[in-house]
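Engineer: I'd like to ask some things about the structure below.
The values are calculated or read from the model by the stated rules, or taken from the named source; none is laboratory data. Note that the structure is a prediction, hence the values are computed from the model and not measured. Please note: Cβ atoms are built from the backbone with ideal geometry, for glycine as well, and neighbour counts cover all protein chains shown.
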Ligand code: ARG
């Protein structure tokens, strides 16, 4: 069964099509009526006729019995008011539908999402927050839409730094190293290795020898490398669990996974005649990419020293995703500074015929997390900030906020709730910002119960649930038709019926903030309704109608939050 929007849109399209096939009615939720269609003006222009006249003709053609009534406003806007039968029908349908009107994709797609992707033996800092949180929201949204999601954690686990890391591991001993890494002191380990490398020539020589041994497949060196990788991956998994992110260690396909396919990447590019020797490095020059001086830009696939780079690995990964994973869609959730890298990788893959036109492939870029000074978020000492530190701090703040409110929760319950609030604070602040934009990390604002925040939405949800606790008895949907006599009820219902489109537009554009905006707007619609319309003190069928609106409001907020990866506790 179609959503309200679809029902209107289809009827409008039939009428528009009769005048000009394919003309877009441009249907939107509206404050002037329930919905407004603004497509008449463009249609009239294309027909070379007067908009008013065309509007009259469209209205004549429209079959909206039992769906909506329509009036023409201004130069040709169509104002649509939903029919009581349709409203009643749709609300009852939503009450019976755990998916709240969102259809499951008739043809599921295989969607590969490359996200989080931290580096071995390096701390997960605030910079990894965005990729992890946005990627996970997109994974959950795609799964909810019925698609098959394959998450890929393209962990940086290869390259020359591993020489010094392994040499340092030897020095401190495996057990001590494992202990240091497992508590998440990844940066400390890395820095100690670096410091020795910079100061000590003998160490440098050992590190270099280890790089050669690692690349040559020496068993002992590989084993030590594994220790580093496994410890780091275990630590990343802990961070994911702490954040309530669905990525697991099964999703890890580090850069090293593609090592034995890199020769083929280079060989195949050479056979295709795409490789060019540029200063001793093997490169592809995809058309359309130039530097500031207008010179063509290379994508380096094999360096002068014969080593393969980041780009070669990404080409191998892309081929794997198309051929082995049979991806219909590929999403790379990686920071904006890597835009050119991905554009060039995609361009080269298309030139080589590795990326079929029908595979949608997109770099889903995101901006930076800034400190209060609007510079990159760092500690006072200029260090990057650990993700777990932020999370712990958010939990502490949430505990303080909770202690200022009256509740009858035990200390362990407070802790649990504070954890849920903390995650919601951090995730929502991130997701509700249009992803390409930077934002300032302001924990105090994020944890607040007021404003456009995660805790505000969680609280809005819990407040609706509390109505049912106070009711103290089972309730059933209203017998008679929904009256919706007040403006606030109608505005709330319009919001409730719009969930499927809000979800779809957020998913299509890979823009979680659209769903956040929708949920914030819905919570406000609920507040206006609840301020104006008594629920528990209403009687008879009116009470049942209003309870039904409350139930739908709570369900919609909870479902919307859950597909974004945010929990909705029943009580706060
Ligand atoms: N590890 C990389 C970094 O920290 C991100 C990897 C992104 N994914 C990819 N397929 N290149 O910058």
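Engineer: Give me the pairs: first residue in region 127-153 and without any contact (Cβ under 8 Å) to a residue 60 or more places away in the chain and closer than 23 Å to residue 391 by Cα, second residue assigned to a helix (DSSP H, G or I) and within 13 Å of the ligand (Cβ to nearest atom), beta-carbon distance under 7 Å, and six or more apart or on different chains, which are they?
Structural biologist: Listed pairs, sorted by first residue: none to list.
Engineer: Looking at region 382-408, which of its residues are exposed (fewer than 15 other Cβ atoms within 10 Å of the Cβ) and over 26 Å from residue 437 (Cα atoms)?
Structural biologist: 396, 400, 403, 404, 405, 406, 407, 408
Engineer: Here is a follow-up. So is residue 269 in contact (Cβ under 8 Å) with a residue 60 or more places away in the chain and closer than 24 Å to residue 215 by Cα or not?
Structural biologist: Yes; evaluated as a whole, the condition is true for this residue.
Engineer: Okay, next question. Which of the numbered conditions does residue 230 fail, given that it passes all the others? Conditions: (1) out of contact with any helix residue (DSSP H, G or I) (no Cβ under 8 Å at 6 or more places or on another chain); (2) within 23 Å of residue 303 (Cα to Cα).
Structural biologist: (2)
Engineer: May I pose another question? Filter region 70-111 for residues that are in contact (Cβ under 8 Å) with a residue 12 or more places away in the chain, touching a strand residue (DSSP E or B) at 6+ places or on another chain (Cβ under 6 Å) and more than 30 Å from residue 326 (Cα to Cα) and give the result.
Structural biologist: Correct list: 71, 73, 77, 78, 79, 80, 81, 82, 83.
Engineer: A further question on this structure: Let me confirm something: among 78, 43, 27, which residue is more than 28 Å from residue 482 (Cα to Cα) and buried (at least 16 other Cβ atoms within 10 Å of the Cβ)?
Structural biologist: The unique qualifying residue is 43.
Engineer: Considering only region 366-381, state which residues are more than 10 Å from residue 438 (Cα to Cα) and surrounded by 20 or more Cβ atoms within 10 Å (Cβ to Cβ).
Structural biologist: 377, the sole residue that qualifies.
Engineer: So, one more: Taking into account only those residues within region 288-300 that are more than 12 Å from residue 312 (Cα to Cα) and without any contact (Cβ under 8 Å) to a residue 40 or more places away in the chain, which is surrounded by the most Cβ atoms within 10 Å (Cβ to Cβ)?
Structural biologist: By that ranking, first place goes to 298.
Engineer: Which of the residues that make up region 135-149 are surrounded by 19 or more Cβ atoms within 10 Å (Cβ to Cβ) and in contact with a strand residue (DSSP E or B) (Cβ under 7 Å, 6 or more places away or on another chain)?
Structural biologist: Answer for region 135-149, where residues must be surrounded by 19 or more Cβ atoms within 10 Å (Cβ to Cβ) and in contact with a strand residue (DSSP E or B) (Cβ under 7 Å, 6 or more places away or on another chain): 135, 138, 139, 142, 147, 149.
Engineer: Would you tally the residues in region 97-128 being over 18 Å from the mean Cα position of the chain (by Cα), assigned to a loop (DSSP other than H, G, I, E, B) and either under 27 Å from residue 238 (Cα atoms) or within 16 Å of the ligand (Cβ to nearest atom) (or both)?
Structural biologist: Looking only at that region, the number is 5.
Engineer: Only residues that are more than 10 Å from the ligand (Cβ to nearest atom) and either over 22 Å from residue 127 (Cβ atoms) or surrounded by 16 or more Cβ atoms within 10 Å (Cβ to Cβ) (or both): list them for region 337-353, please.
Structural biologist: 344, 346, 347, 348, 349, 350, 351, 352, 353
Engineer: Answer yes or no: is there a residue in region 163-170 that is touching a helix residue (DSSP H, G or I) at 6+ places or on another chain (Cβ under 7 Å), within 16 Å of the ligand (Cβ to nearest atom) and more than 21 Å from residue 391 (Cβ to Cβ).
Structural biologist: The answer is yes, given that some residue of region 163-170 is touching a helix residue (DSSP H, G or I) at 6+ places or on another chain (Cβ under 7 Å), within 16 Å of the ligand (Cβ to nearest atom) and more than 21 Å from residue 391 (Cβ to Cβ).
Engineer: So is residue 313 surrounded by fewer than 14 Cβ atoms within 10 Å (Cβ to Cβ) and at negative phi or not?
Structural biologist: It is false that residue 313 is surrounded by fewer than 14 Cβ atoms within 10 Å (Cβ to Cβ) and at negative phi.
Engineer: On to the next question. So which of 81, 71 is assigned to a strand (DSSP E or B), over 19 Å from residue 3 (Cα atoms) and away from the ligand (no atom under 14 Å from the Cβ)?
Structural biologist: So the residue among 81, 71 that is assigned to a strand (DSSP E or B), over 19 Å from residue 3 (Cα atoms) and away from the ligand (no atom under 14 Å from the Cβ) is 71.
Engineer: Same structure again: Looking only at region 433-450, which residues are part of a loop (DSSP other than H, G, I, E, B), surrounded by fewer than 17 Cβ atoms within 10 Å (Cβ to Cβ) and in contact with a strand residue (DSSP E or B) (Cβ under 9 Å, 6 or more places away or on another chain)?
Structural biologist: 436, 437, 438
Engineer: Check every one of the strands (runs of 3 or more DSSP E) wholly within region 260-331 and list those with 3 or more residues that are away from the ligand (no atom under 16 Å from the Cβ).
Structural biologist: In region 260-331, the matching strands (runs of 3 or more DSSP E) lie at 276-278, 281-284.
Engineer: Check residue 158 against each of (1) away from the ligand (no atom under 13 Å from the Cβ); (2) farther than 30 Å from residue 564 by Cβ; (3) crowded, with 16+ Cβ neighbours inside 10 Å; (4) at pLDDT 90 or above and name the one condition it does not meet.
Structural biologist: Residue 158 satisfies every listed condition except (1).
Engineer: Moving on. Looking at (1) part of a helix (DSSP H, G or I); (2) without any contact (Cβ under 8 Å) to a residue 60 or more places away in the chain; (3) touching a strand residue (DSSP E or B) at 6+ places or on another chain (Cβ under 6 Å), find the lone condition where residue 57 falls short.
Structural biologist: Exception for residue 57: condition (3).
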